[in-house]
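Below is one structure, written out as structure tokens; comments come after it.
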Amino acid sequence: MRRVLAETGATGIFVTHDQEEAFVVGDEVAVMQEGRILQQADAATLYELPATREVAEFVGDANLVEGIGQGDVARTPVGAVPLNAPRTGPVQVMIRPERLLAAPGGAATVEAVEYFGHDAVYRVRLAVGEVVRSRVIGAPALAAGDAVTLAFTGAPTVAFPAS
């Protein structure tokens, strides 16, 4: 579909419930809920900088980690996380699993490992009790029961006021 539209120079509206299909076909993607558009942008913006919690959770896998906004950074159980816009006070910081690096040793515990061949997901319980997901490429190097430290890696992310 994308190739046909490009070759003909046509503009089209493609409706799908398949997120991957929308990201591949669309130059712009609109996320709708109950008949209203929550956010419309290119796929990378929707994924990296969702406008709402609903978009963050709908577009890919998202950890919403409790923290305290202190301007351009939030203090969280996984350390300092840079924010794309200043926030002050209690927040929920969106951290994609692939932006959460797990390393041996620390106060968090791997509860489960899901191996998919091309990548693996660790379900990690933080010392504060919250469970988050960390994604690694390839085979897992950690196992259930391992003590780990988690750290945010990546560009500044979004934070929402705590609910």
What is the Rg over Rh value, at two decimals, for the chain, using alpha-carbon atoms and the Kirkwood definition of Rh?
-> 1.04
Which of the listed residues, Gly89, Gly35, Ala6, is farthest toward the dipole's positive end in the chain, when Lys, Arg count +1 and Asp, Glu count -1 at the beta-carbon?
-> Gly89
Fully extended contour minus Cα-Cα distance, from Ala155 to Asp42, at 0.36 nm per residue = 38.9 nm
Between Arg123 and Val4, what length comes free when the chain is fully extended (0.36 nm per residue of separation minus the Cα-Cα distance, one decimal in nm)?
-> 38.7 nm
Starting from the Cα-Cα distance between Thr109 and Asp27, subtract it from 0.36 nm times their residue separation and give me the gain in nm to one decimal.
-> 25.5 nm
Could you provide, to the nearest whole Å², the per residue accessible area of the chain with probe 1.4 Å?
-> 56 Å²
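The values are calculated or read from the model by the stated rules, or taken from the named source; none is laboratory data. This one's a predicted model, so the numbers in the text were calculated from it and none came from an experiment. Virtual Cβ from ideal backbone geometry, glycine too; neighbours counted across all protein chains shown. Ligands, DNA and RNA are stripped out before the accessible areas are found, and what is left, the full protein with its side chains, is counted by its heavy atoms. Shrake-Rupley method; radii C 1.70, N 1.55, O 1.52, S 1.80 Å.
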